[in-house]
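One structure is given here, and the rest of the page talks about it.
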Amino acid sequence: MFELPQPAVGTTDDTKDGLPVISVQEDSKTLDTFLRFCYPSTLAEDPSLDSLTDILVILGAARKYSLDLIERKVCQALANPKVLEVEPL
C-alpha cells in the first residue's frame, strides 16, 4: 500500500491536516486494542479482553490483517475465567 504512487497533495477529498486518510471498518476502540497488541510497550502487558464481544472484534481484525500471532493471543483469551462465566458456550 505504501509503495503505490500517492496522489498529489490537495487532489483527494480524504485528507486531514494535509495527509491522506485511509478508511477502515473497525471503530476506534477496536483499533486501539488491536494496535496495542501490535506495538506492545516493554512495561505493559497485552491488553486484557474480558468480554466475548471484545474478543470477537479483535479476532476479526487479526484475521482480516493476517496477523497470526495476535490471533493466537486473542484465542487464548477465550479461556479467561471472566469470559467463561458470562459466555460458557
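Test residue 59 against the stated conditions and say whether it is surrounded by 14 or more Cβ atoms within 10 Å (Cβ to Cβ), in contact with an Asp or Glu (Cβ under 9 Å, 6 or more places away or on another chain) and modelled with pLDDT of 90 or more.
yes
Pick out the one residue from 51, 66 that is open to solvent by less than 100 Å² (accessible area, probe 1.4 Å) and under 27 Å from residue 4 (Cα atoms).
66
Checking residue 82 against (1) open to solvent by 40 Å² or more (accessible area, probe 1.4 Å); (2) in contact with a Ser or Thr (Cβ under 9 Å, 6 or more places away or on another chain); (3) outside any helix (DSSP H, G or I); (4) not small (Gly, Ala, Ser), which single condition isn't satisfied?
(3)
The values are calculated or read from the model by the stated rules, or taken from the named source; none is laboratory data. Note that the structure is predicted; figures quoted are calculated from it, not measured. For neighbour counting, all protein chains shown are included, and Cβ atoms are generated from backbone atoms with ideal geometry for every residue, glycine included. Note: accessible area is taken over every heavy atom of the protein model, side chains too, but ligands, DNA and RNA are not part of it. Shrake-Rupley method; radii C 1.70, N 1.55, O 1.52, S 1.80 Å.
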